[in-house]
Amino acid sequence: MEKKRALVTGITGQDGAYLAELLLSKGYEVHGLKRRASSFNTERIDHLYRELDETGPSLTLHYGDLTDSTSLMRVVQEVEPHEIYNLAAQSHVAVSFEEPEYTANADGLGTLRLLEAMRILGIQERCRIYQASTSELYGLVRETPQRESTPFHPRSPYGVAKLYAYWITVNYREAYGMYACNGILFNHESPIRGETFVTRKITRGLARVIHGLQQCLYLGNLDARRDWGHARDYVEAQWLILQQDSAHDYVIATGIQHSVREFVVLAAREMGVEIEFRGQGADEVGVVADIRNPGGRIARGDILLRIHPQYYRPAEVETLLGDPTFAREKLGWIPKTSFAELVHEMATADHALAAGEAAGTLGARHGRHLIESLPKP
Ligand code: NDP
Ligand code: GDR
């Protein structure tokens, strides 16, 4: 029987890596869109190549870019996929305020370009497409918890670009009968999360401070609340969304919310350190209140964390909480990883990474962090 072929844009990102692994385990022939970069950007999926050496290639990467229609057209034509997962995006909310036009182009028009490629090449009836939509669509929330019917009010150029992508996906479904779906995914994290998203910045930063590699961790709004899940669970939902009898849009979330401050406290505790917050507003600091595992390079009373105005956003999304009832009932999807397990996994991985860096056993790729005292947004 012919193998199912999937094309994954954004395969070099967090979700792309987990999804590629899932699809390969299900016997798919996986094709990924990769942009040319000035340095290696495939480190999250390199192990998938290696594991496949003996069985022949089931993972193939193609150069292309969401801002370049002809490259998309060429790749879709070459691959003739049965399923497309459009995960590629300029995905950082804070960065979208600095690069709004590029974000609109890649995240908004990029989705249109892919849908048009399917239509122009005449594969719209035999190829299904998943669009990586986001809880950022809800922004200034009108209803809690947020479900599929909750009105949108995005609060960033990223959110607005993704709003276009959401509606153009719905429009192509309605206009051309395409199996085109939005997964409205709430925040999901993992040890391979990008280092400038808040959860990974916290686990990475705390571990580096504890091991004496960095003086302090700088953060913005500690009171923001998010519904955080594990990326490994969320890519299963992405796959399930494309396996149904008919196309729908789904909220994918845990239904449980925590603050950034709670994430910090729990991550530090996982590394053997109790943190206490003192002061207010921009002067608030996170201080070491107790140390369970002596051996790090910190002492009681040391300041581990400070607030830096650079990390506040021009317009903030203060609170997000999803209602995954429809996904549970229709897809049979339930998240497997709890918040505590997620923090444990991320904190353990970054603690070990920093320990390796401190011992000088890691290569140049990681060594570059040694010169960064103030992490980027
Ligand atoms: P990442 O930032 O980790 O990955 C983004 C991917 O998109 C990378 O592979 C990147 O390539 C690629 N990319 C960026 N710009 C372009 C472009 N112009 N052309 C082609 N490829 C491009 O994101 P995640 O894996 O976390 O998220 C996946 C998707 O899901 C994104 O669309 C994101 O907006 C969305 N989303 C994410 C959520 C989350 O909590 N993680 C929640 C809801 C939605 P490169 O490696 O070259 O940079
Ligand atoms: P978000 O994730 O904006 O929700 O977008 P991020 O982790 O960047 O921020 C979450 C919350 O933490 C606050 N915060 C900080 N954020 C960052 N990055 N750095 C800081 O120093 C910091 N301090 C506090 C933020 O203000 C915010 O309130 C993510 C991305 O993956 C999107 O692509 C995706 O669509 C949404 O999740 C759902």
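Taking each residue of region 302-313 that is open to solvent by 30 Å² or more (accessible area, probe 1.4 Å) and looking for partners that are in a strand (DSSP E or B) with beta-carbon atoms closer than 6 Å, six or more apart or interchain, yields 302/288; 303/285; 303/287; 306/218; 306/285; 308/218.
Within region 192-211, the only residue that satisfies the criterion of being assigned to a loop (DSSP other than H, G, I, E, B) and under 20 Å from residue 274 (Cβ atoms) is 211.
For region 358-370, the condition of being among the polar types (S, T, N, Q) and at pLDDT below 95 holds for at least one residue. Annotation note: of 226, 261, 232, the sole residue that is within 27 Å of residue 128 (Cβ to Cβ) and of a type outside the set (A, V, I, L, M, F, W, C) is 232. Considering each residue of region 151-163 in turn, none proves to be within 15 Å of ligand 2 (Cβ to nearest atom), hydroxyl-bearing (Ser, Thr, Tyr) and without any contact (Cβ under 8 Å) to a residue 40 or more places away in the chain. Per the conditions (1) in a loop (DSSP other than H, G, I, E, B); (2) at pLDDT below 95, the sole criterion not satisfied by residue 282 is (1). Note on region 215-227: residues that are out of contact with any His (no Cβ under 8 Å at 6 or more places or on another chain), within 14 Å of ligand 2 (Cβ to nearest atom) and open to solvent by 20 Å² or more (accessible area, probe 1.4 Å) total 2. Residue count for region 173-213, restricted to those that are more than 11 Å from ligand 2 (Cβ to nearest atom) and either charged (D, E, K, R) or open to solvent by 20 Å² or more (accessible area, probe 1.4 Å) (or both): 13. Looking at region 1-17 only, could you name the residues that are modelled with pLDDT of 95 or more, open to solvent by 20 Å² or more (accessible area, probe 1.4 Å) and more than 8 Å from ligand 1 (Cβ to nearest atom)? If the condition is that a residue be modelled with pLDDT of 95 or more, open to solvent by 20 Å² or more (accessible area, probe 1.4 Å) and more than 8 Å from ligand 1 (Cβ to nearest atom), then 4, 5 are the ones that fit.
Restricting 160, 141, 170 to residues that are under 20 Å from residue 320 (Cα atoms), modelled with pLDDT of 95 or more, of a type in the set (A, V, I, L, M) and surrounded by fewer than 20 Cβ atoms within 10 Å (Cβ to Cβ) narrows the list to 141. Scanning region 317-340 for residues that are open to solvent by 60 Å² or more (accessible area, probe 1.4 Å) and within 16 Å of ligand 2 (Cβ to nearest atom) returns a single hit, 318. Considering region 84-130, the residues that are within 16 Å of ligand 2 (Cβ to nearest atom) and of a type in the set (D, E, K, R) include one that is surrounded by the most Cβ atoms within 10 Å (Cβ to Cβ), namely 107. Residue 210 - would you say it is within 19 Å of the chain's Cα centre (by Cα) and either of a type outside the set (S, T, N, Q) or within 15 Å of ligand 1 (Cβ to nearest atom) (or both)? Here the answer is no, as residue 210 does not meet what is asked.
When the test is whether a residue is closer than 30 Å to residue 329 by Cβ and touching a His at 6+ places or on another chain (Cβ under 8 Å), residue 87 does not pass it.
The values are calculated or read from the model by the stated rules, or taken from the named source; none is laboratory data. Just so it is clear, the model here is predicted, and its values are computed rather than measured. No Cβ is skipped: glycine too gets one built from the backbone with ideal geometry, and neighbour counts run over all protein chains shown. When the accessible area is computed, the model is the full protein with side chains, heavy atoms only, and any ligands, DNA or RNA have been set aside. Shrake-Rupley method; radii C 1.70, N 1.55, O 1.52, S 1.80 Å.
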